[in-house]
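This report concerns only the one structure given below.
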Amino acid sequence: MKFLVTGSSGHLGEALVRTLRNHGNEVIGLDILESPFTTHVGTIADRASVRRCMKNVQVVLHAATLHKPHVGTHSRQEFVDTNITGTLNLLEEAVAEGVESFVYTSTTSVFGDALVPPAGAPAAWVTEDIVPIPKNIYGATKAAAEDMCQLFHRNQKLPCLILRTSRFFPEEDDNRKVRETYSDENAKANEFLHRRVDIEDVVSAHLLAVEQAQKIGFRKYIISATTPFLRDDAVELSIDASSVVRRRVPQYEAEYLRRGWKVFPTISRVYVNERARKELGWRPQYDFQSVIESLREGKDPRSPLAREIGSKGYHAEVFSDGPYPVE
């Protein structure tokens, strides 16, 4: 099978290309940067470049994007060019080529302000039924691209599944308070409770989406580690998260105490992956429970794939305050 992977030099793009090649597939990697995983250097905003890469392709995995870390360094027009025009180019060329499956990598950032409950309200229980309220150009352009995918499924019958991934980047948190209060390892472990996913699990979700796209047609899925929380925990999470974690994953306490770690005092949102597990048959292997088990055994809690890819960063330059500027 022949695949086109966009953003092939990025975190997810490299992970997809590595995995597909290991499975014996032919892979075209398109990215603006050269890398061992990029076969064609170019931008998805260039229709001719997309057309050249699409020849004889059966599956498109569209991971190329301008991300949230670019909001402070790139213009809104650049976001439109890449995230909207680039996606449109890929959709139109995919239809022209007769592509069998199109998988679009979106983000939980599309939810935007819908993730922020009012003061004193329970933590948001985030499923695909929540209506997005994008709060920046990143979220707005990703939401618009999702809508285009739906349009092409409805009007051109292109099988297209959307995967809204939560955090999987290895870089430090952009929030200074988080960086000052928690070690990076502590903060990322905490996020597996409600808003993080390992890149190996993200890849497995994409491969399952490829298998199921023609049968399902069009659908949106949240791709995040399985939370140990229940919906009934939402009120307490917004007040005293540690009590809930102690109840749901009691063995965490000894491991955190040994390292001087602490959980976040409150949690305002929880991403729920139930639809992806039920409809795609997705079985994420990495979650808060697996993190605790790895720590207990003295092992790195990251997947082998995450360790192999490492950290790439989002910018060529280094910033004085944080991994990237915040708008």
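The values are calculated or read from the model by the stated rules, or taken from the named source; none is laboratory data. Bear in mind that the values here come from a model prediction, so they are computed numbers and not experimental data. Ideal geometry is used to build each Cβ from the backbone, glycine not excepted, and the neighbour counts take in all protein chains shown.
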For the stretch 16-38, pairs from a residue that is over 19 Å from Thr65 (Cβ atoms) to a residue that is surrounded by fewer than 21 Cβ atoms within 10 Å (Cβ to Cβ) and modelled with pLDDT under 95, with Cβ under 7 Å and 6 or more apart or across chains, are Asn25/Met1
Could you say whether any residue in the stretch 45-53 is touching a strand residue (DSSP E or B) at 6+ places or on another chain (Cβ under 6 Å) and surrounded by fewer than 24 Cβ atoms within 10 Å (Cβ to Cβ)?
yes
Inside the stretch 269-320, the number of residues satisfying the requirement of being modelled with pLDDT under 95 and in contact with a Ser or Thr (Cβ under 7 Å, 6 or more places away or on another chain) is 1
Is it the case that some residue within the stretch 65-74 is without any contact (Cβ under 8 Å) to a residue 24 or more places away in the chain and either under 16 Å from Thr43 (Cβ atoms) or crowded, with 22+ Cβ neighbours inside 10 Å (or both)?
yes
Selection from the stretch 228-262 of residues closer than 26 Å to Val110 by Cα, in contact with a helix residue (DSSP H, G or I) (Cβ under 8 Å, 6 or more places away or on another chain) and surrounded by 22 or more Cβ atoms within 10 Å (Cβ to Cβ) yields Phe229, Asp233, Leu237
Within the stretch 245-276, the residues that are touching a Pro at 6+ places or on another chain (Cβ under 8 Å) and part of a helix (DSSP H, G or I) are Val245, Arg248
Of the residues in the stretch 291-309 that are part of a helix (DSSP H, G or I) and not aliphatic (A, V, I, L, M), the one that is nearest to Asp201 (Cα to Cα) is Pro304
For Gly42, the lone unmet condition from (1) at pLDDT below 95; (2) touching a Ser or Thr at 6+ places or on another chain (Cβ under 7 Å) is (1)
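Glu172: among the acidic types (Asp, Glu) and under 28 Å from Val57 (Cα atoms), yes or no?
Working: among the acidic types (Asp, Glu): yes; under 28 Å from Val57 (Cα atoms): no.
In short, no.
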Among Val57, Val27, Val17, Val41, the single one that is crowded, with 16+ Cβ neighbours inside 10 Å and over 27 Å from Ser303 (Cβ atoms) is Val57
